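These notes concern the structure reproduced below.
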Amino acid sequence: MAQEGRYISVILPLRLEWEPCYRLPEGMEVRPGDRVRVLFAHREYTAVVEKTGIRPQTAPEKIQDILGTENRIPPVLPEEIRLWRAVSDYYLCSVGEVYKAAYPSLRRDQEEAGARQRERMERSLAALRLKMEKARREDTRERYRLETEALEARLSGTLTEVQRPDMDLTPAQEQAAEQIRTAFRSGKTVLLDGVTGSGKTEIYLQLASETLRKGRNVLYLVPEIALSRQLETRVGKVFPDVRIFHSGESAARRQETAERIRQGKGYIVLGTRSALLLPHNGLGLIIVDEEHDLSYKQDSPAPRYHARETAVMLGLIQGAHVLLGIATPSLESLYNAEKGRFTRVNLKERYHQGAEVAVEIVDTVAERRKRGMTGSLSRKLLSRIGSNLESGGQTLVLRARKAYAPMVQCTECGHVIKCPHCNVSLSLHRNPDRLICHYCGHTEPFVPSCPKCGMPLQPLGTGIQKVEEELRALFPSARIESLDSDTPDAQEADIIERFARREIDILVGTQIITKGFDFAHLHLVAVLQADSLLGVQDFRADEKAFQLLEQFRGRSGRRDEPGTLVIQTRNPDHPVFARLQGLQTTNILEERRLFGYPPFTRIIQLVLRDPYEKRVSFMAGELSRALRSRLDGGPAVIGPYAPAVDRVADRHIRHIRIMLPRDKMLLERKKAIAATVISFEKERKYAGFIAIDVDPA
Ligand code: ADP
Ligand code: ZN
């Protein structure tokens, strides 16, 4: 006879559509949120108790006992589980997948590492106190005092008698802040639309201060780690107890931060999207800076969530206000503002007035004809760099390709060296010379003769290392560096610091240099081969290019001196450039409405990955047929089709896209799609090959 009250359901860190049932052994008590160890399919997992005292659906003799409880780990908060459910419903993934993302490395050794770190911090606190007492000079003692306080704050989680200062806002900023407060009072999410340099950050800090003074907590999101590093100092000056949270922090440190936050006593966290999944408690304000940034969307694995949407969900659960900051609003947010879901607050005045940024377009086809090009650089750009150097200004050069050259080709037979695991060419990297696949990381030595015919191989195209080499040859006395996502963290931090100290004149880089840089002497920013940013297949590529260029343009002219953005392109008449120059004619939102593209529809993308090409083609065809019949004429099902890179890491890839109208049927249809995929996986024994991506980037 099944004994009621002895059965519980648990959330496993897996892609499961249901919460399995377990039995509690005699004498063991648990509550929802507690962590327990269980066996599932012969493997041991740490699961979260979902419900207790449930009535089992299966025969009691088939139900296993839990193996034990993890009572050293604090329980998951009910609000966390509510967020996991909201994310799982929206992004069509399992609750367990969200749990896994929130608690990626729950391992005992790490918790113990956390304890060791604490001991270390306590030791250095004692040392600091000693130094402070012994310091003779007033300013040295003051410095030790500040360090001691900061460390004490880190150890205790809060500053005792913390001052939460007011920022010194300009009248325009104060007016915007007041509009935001008013909108917050009526429960609205706010879209702060302010040009770069208008002081959005100052407004965030002011509102954060007010929130903390009320005893509520603050979450401040940035799209990337590099940006959080730059903001760390600025935010740290106002809030010495700010906690940093992103994947670049050690696991022990992240664990420690999570525990502080769970206690919920006056905290401010600065982090990337994963900070949304912390055990938040008493949150009063969520700031999402640069809300349009593509890095906010998780690509893989599930949950494939976007920080903006998830912040709104978290805000609802926590009763927290949500503030989205932007220089160029995403269409998604413009749509929400138009629908009255968001309140838009404008801040069009730059703090440092007069810092306008002129745009100059250089037509590289015409220039080449006139012999106006030296390698990948136009004479027009070179003369601007030259005079900027002379006047002591700094320059950023953007080229959206890593490495030295994106391709090597045989001069004789035309053979291109490709990755053995992916359908892409290998990139040539210098110092040391080697070929690297930017999709799977495959690396091989560079042998400069063709494997087919033995004739010499030639690098084709220009990556940032090549641009750096060209610039060094042209400006031998200038201090030049380059930066891309391969640059090790420590080196990246070093380059940014040196740039801030004006020890670098020209910095060449990929997209990572378009964000966050706020430097007084940066007067010139230039884009090479801007065409590589423009869209061919993807209707959204132009929008992305525009936002990237607008963001990049904001890097220069940050003080009272005007700046210049130079764009080298083969398509000088492209509408994206016209829009940058303020010559825009079409209304993009209107265009999207006309064609039924997002944000007027929602896209759900199904991605199939399979080692066997024949099988993936067949399955993708069958799946799209199944979807068409299930959705029955309503939404458009596009594909299956092979994406531009159709094999990565020995997996063949096929996509299916579904455009869902944003109407009453939306939720129901999303559920129908998920259900179709699940039953397809079961019937065809094809589990593990299909990923669902809602609102793909
Ligand atoms: P945004 O975040 O909108 O790009 P920032 O907050 O970075 O703008 O401001 C741009 C620059 O102007 C920064 O160097 C900042 O320190 C300065 N600034 C903006 N507002 C103020 C203010 N009220 N008082 C002092 N400096 C300000
Ligand atoms: Zn590869």
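Laid out as a table, the results:
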read-out	value
Distant-in-sequence amide H partners of residue 478 (H built 1.01 Å from N, under 5 Å)	none
Theoretical gain in end-to-end length, residue 498 to residue 339 [0.36 nm per residue, Cα-Cα removed]	52.7 nm
Full-stretch length increase - residue 17, residue 137 - with 0.36 nm per residue and alpha-carbon distance subtracted	36.7 nm
Total charge dipole magnitude, the chain, about the Cα centre, Cβ charges on Lys, Arg, Asp, Glu only, Debye to nearest 20	720
Computed E for residue 489/residue 61 - FRET, C-beta separation, R0 56 angstrom, nearest 0.05	0.55
Hits among aspartates and glutamates - C-alpha to C-alpha of residue 134 under 13 Å, sequence gap 8 or more where chains match	142
Flagged links, alpha-carbon separation over 32 Å, of 348/671; 51/265; 214/664; 339/544; 62/297; 339/515	348/671; 214/664; 62/297
Amide proton proximity set for residue 305, modelled H, under 5 Å, gap of 5+	298
Alpha-carbon centroids, the stretch 443-500 and the stretch 564-626: separation in whole Å	31
Cross-link partners of residue 380 among aspartates and glutamates (Cα-Cα below 12 Å; sequence separation of 8 or more within a chain)	360, 363, 367
Computed FRET value (nearest 0.05) for residue 181 with residue 453, which takes r as the C-beta separation and R₀ as 60 Å	0.25
The stretch 507-651: equivalent-ellipsoid semi-axes (sqrt of 5 x gyration tensor eigenvalues, Cα, Å)	39, 20, 13
Cα-based radius of gyration of the stretch 458-513 once divided by 2.2 N^0.38 Å, which approximates compact folds	1.16
The stretch 236-252 versus the stretch 175-211: alpha-carbon centroid distance in Å	23
Mean Cβ count within 10 Å, highest first, over the residues of peptides 168-178, 563-573, 87-97	87-97, 563-573, 168-178
Under 15 Å from residue 685, Cα to Cα: aspartates and glutamates that are on another chain or at least 8 residues apart	610, 622
Derived scalar couplings ³J(HN,Hα) [the stretch 412-420; Karplus, 6.51 cos²θ - 1.76 cosθ + 1.60; whole Hz; x for Gly, Pro]	9, 9, x, 4, 10, 6, 10, 6, x
Of the chymotrypsin sites (Phe, Trp or Tyr not before Pro) in the stretch 478-556, those whose Cβ has at most 15 other Cβ within 10 Å and which sit in DSSP loop	539
Neighbour cut-off at most 12 other Cβ (10 Å), DSSP loop, trypsin sites (Lys or Arg not before Pro), the stretch 423-487	452
Mean separation of Cα contacts under 8 Å, 6 or more apart, over the residue count of the stretch 171-347: relative contact order %	34
Spatial separation of Cα centroids for the stretch 640-680 and the stretch 308-328, in angstrom	27
Difference of contour (0.36 nm per residue) and Cα-Cα distance, residue 697 to residue 641	18.4 nm
Residues in the stretch 158-199 that a label on residue 348 would reach, taking backbone N under 15 Å of a point 7 Å out along Cα→Cβ	172-173, 176, 193-196, 198
CD proxy at 222 nm, helix term only [per DSSP H run n ≥ 4: -39500 (n - 2.57); per residue of the chain; nearest 500]	-11500 deg cm²/dmol
Tail weight of P(r) past 16 Å, computed on alpha-carbon pairs of the stretch 600-694, percent	51
Other-chain or far-sequence residues with amide H under 5 Å of residue 566's (modelled H)	360, 525, 526, 527
Overall Cα dimensions of the stretch 134-238 - principal axes, largest extent first, Å	53, 29, 29
Restricting the stretch 307-394 to trypsin sites (Lys or Arg not before Pro) in coil, as DSSP defines it, with at most 16 other Cβ within 10 Å	339, 341, 348, 370, 371
The stretch 3-77: C-alpha gyration tensor shape, a/c 1.5 cut-off, then a/b vs b/c	rounded
Cα→Cβ-extended label distance, 7 Å offset, between residue 170 and residue 650, nm	5.8
Kirkwood Rh and Cα Rg combined as Rg/Rh, the chain	0.98
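Each reported figure results from applying straightforward, stated rules to the coordinates on display, with no laboratory input. Model, not experiment: these values are computed from the prediction. Cβ: placed from backbone, ideal geometry, glycine included. Neighbour counts: every protein chain shown.
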